[in-house]
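Participant: Handing you this structure, nothing more for now.
The values are calculated or read from the model by the stated rules, or taken from the named source; none is laboratory data. Since this is a predicted model, take the numbers as computed values, not measurements. We place every Cβ from the backbone using ideal geometry, glycine too, and count neighbours over all the protein chains shown.
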Amino acid sequence: MVKTTKTPTPTKPAAVKPPAPKPAAAPVVAVKAAAAVAPAKPAPAVPVKDTPAPAPAKTATAVPAAKKPAAAATPVEVVAAPPPPPVKRVPAQPLPPPGPTKSGALFYDSHMHTPLCKHAWGEPEEYAQQAVKAGLKGIIFTCHCPMPNGFWPTVRMSESEFDTYLAIVQRAADAFKGKLDIRLGIESEYFPGCEEYITSLHQRADFHYVLGAVHWQAKEYLNKFETGTIENFRRTYFDHLAKSAESGLYDCLAHPDLVKNYHPDSWCFAIVKNTVSTALDRIAATGVAMELNTSGLNKSYSEMNPGLEMLRMMADRKIPVVLGSDSHKPVRVGEHFVTALNHLTEAGYENVSHFLNRQRIDLKISDVLASLKKAADHNA
Ligand SMILES: [Zn+2]
Ligand SMILES: [Zn+2]
């Protein structure tokens, strides 16, 4: 999450370590072959760097173009160009068996960052180390995505860093193989008008989890939508939240009441309750999950995102919830998860979810609570 009150120091975090040479294991992060990313519509204004296939032998086995049987060929026949061979996907690194690991770990922290976003600190391996301590089975990196047209560039990886992102997540996944399941996700900006860019972005790697985020703090967002009253702006935010779910682009919506940090002193849930209710009806109709983000406790309106009242309204509508610490430093991985799970129970939930391969996995909250304690004790 982007901090709203404490402006990150302008000093750049330590340079990201270059990826270590890859072992022969099949990558978790299967980069799609460039052929797969060709957009159906005209390219966006800012050129999207094609994601190169890392090593032809690993990513795609060349499929010979279909040949006409020799007997059918005649000297005068004009043979049309064969269709491109089907893109062979790398078989993703197998998912861990469902259920708890030997140490009892079961759950994932599904929201954290890397130094590539310029306001997070620590190497992916340090986040992973903390996750093991916290008794987690896995983590999903969801760093801030690149955006076109210079959209708020100081808080995200650039286009040219996208491949490095894939590589450092892969590096950590290899380093923690057998100890922690590490997967690739992305925190993908929702900004009206950028849908085409975002659609092609999501095709550029085999993301396990795509977390949609409306960041009202972006200068571009404020310039366009900060019109009228404070309440009006908050209503616009919740409308965009629902639109982001309706776009079909995302698995889950990040920190879904982030706008309470806009003029936090005057935030009053009762005033926006009807607006939230309408937005949640629209979101529930899409089947998209919503996040309970524990980093809200560190923001100007100090409460998880969303707060308990909104969580109850989500429970009434059976909207699945994914937990995320939104760590921008390693020590926060898995932070406040027990409190968050208790909030969910209090709101009326029995299950909590996470995603793998963009498929939702629902777990019993009671099982997750027991697993966190058991695995953390085991790993202590
Ligand atoms: Zn985040
Ligand atoms: Zn952030």
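Participant: Can you tell me which residues in segment 245-300 are in contact with a Pro (Cβ under 9 Å, 6 or more places away or on another chain) and assigned to a loop (DSSP other than H, G, I, E, B)?
Facilitator: Listed by number, the residues that qualify are 255, 256, 257, 287, 288, 299, 300.
Participant: Something else about it: Could you figure out which of (1) among the charged types (D, E, K, R); (2) in contact (Cβ under 8 Å) with a residue 40 or more places away in the chain; (3) closer than 23 Å to residue 261 by Cα isn't true of residue 312?
Facilitator: (2)
Participant: Considering only residues that are under 22 Å from the mean Cα position of the chain (by Cα) and either more than 16 Å from ligand 2 (Cβ to nearest atom) or assigned to a loop (DSSP other than H, G, I, E, B) (or both), look in segment 316-327 and name the one that is nearest to residue 113 (Cα to Cα).
Facilitator: Among them, the one singled out is 326.
Participant: Please list, ordered by first then second residue, the pairs with beta carbon atoms under 7 Å, 6 or more apart or interchain, first in segment 226-241 and within 27 Å of residue 284 (Cβ to Cβ), second assigned to a helix (DSSP H, G or I) and small (Gly, Ala, Ser).
Facilitator: From segment 226-241, the pairs are 230/266; 238/279; 239/279; 241/279.
Participant: Now, a different point. Tell me which residues, restricted to segment 332-362, are in a helix (DSSP H, G or I) and of a type in the set (Lys, Arg).
Facilitator: 332
Participant: Kindly indicate whether residue 182 is more than 16 Å from ligand 2 (Cβ to nearest atom), in contact (Cβ under 8 Å) with a residue 12 or more places away in the chain, farther than 22 Å from residue 111 by Cβ and β-branched (Val, Ile, Thr).
Facilitator: Taking the combined requirement at face value, the residue does not satisfy it.
Participant: Condition first: touching a strand residue (DSSP E or B) at 6+ places or on another chain (Cβ under 8 Å) and under 16 Å from residue 321 (Cα atoms). Now tell me which residues in segment 259-297 satisfy that.
Facilitator: Residues satisfying the conditions are 283, 288, 289, 290, 291, 292, 293, 294, 295, 296.
Participant: OK, next. Suppose we keep only residues that are part of a helix (DSSP H, G or I) and more than 18 Å from residue 130 (Cβ to Cβ) within segment 175-206. Which one would you say is farthest from ligand 1 (Cβ to nearest atom)?
Facilitator: 196
Participant: Follow-up. Restricting segment 102-144 to residues that are assigned to a loop (DSSP other than H, G, I, E, B), under 22 Å from residue 252 (Cα atoms) and touching a Pro at 6+ places or on another chain (Cβ under 8 Å), which is farthest from ligand 2 (Cβ to nearest atom)?
Facilitator: Among those that are assigned to a loop (DSSP other than H, G, I, E, B), under 22 Å from residue 252 (Cα atoms) and touching a Pro at 6+ places or on another chain (Cβ under 8 Å), it is 106.
Participant: Also: Every residue in segment 147-156 that is surrounded by fewer than 24 Cβ atoms within 10 Å (Cβ to Cβ), within 16 Å of ligand 2 (Cβ to nearest atom) and not basic (Lys, Arg), please.
Facilitator: If the condition is that a residue be surrounded by fewer than 24 Cβ atoms within 10 Å (Cβ to Cβ), within 16 Å of ligand 2 (Cβ to nearest atom) and not basic (Lys, Arg), then 151, 152, 153, 154, 155 are the ones that fit.
Participant: As an exercise: evaluate residue 353 against (1) surrounded by fewer than 14 Cβ atoms within 10 Å (Cβ to Cβ); (2) at pLDDT 95 or above and give the number of the one condition it does not meet.
Facilitator: So the condition that residue 353 fails would be (1).
Participant: Whether any residue in segment 276-296 is among the β-branched types (Val, Ile, Thr), within 16 Å of ligand 2 (Cβ to nearest atom), modelled with pLDDT of 95 or more and surrounded by 22 or more Cβ atoms within 10 Å (Cβ to Cβ) is what I want to check.
Facilitator: Within segment 276-296, one or more residues are among the β-branched types (Val, Ile, Thr), within 16 Å of ligand 2 (Cβ to nearest atom), modelled with pLDDT of 95 or more and surrounded by 22 or more Cβ atoms within 10 Å (Cβ to Cβ).
Participant: Please tell me if residue 154 is within 16 Å of ligand 1 (Cβ to nearest atom), more than 18 Å from the chain's Cα centre (by Cα) and modelled with pLDDT of 95 or more.
Facilitator: So residue 154 fits the description; yes.
Participant: For segment 192-204: of the residues being out of contact with any Pro (no Cβ under 6 Å at 6 or more places or on another chain) and crowded, with 22+ Cβ neighbours inside 10 Å, which is nearest to residue 219 (Cα to Cα)?
Facilitator: 198
Participant: Evaluate the following for residue 220: is it closer than 23 Å to residue 310 by Cα, away from ligand 1 (no atom under 16 Å from the Cβ) and in a helix (DSSP H, G or I)?
Facilitator: When the stated conditions are applied, residue 220 does not pass them.
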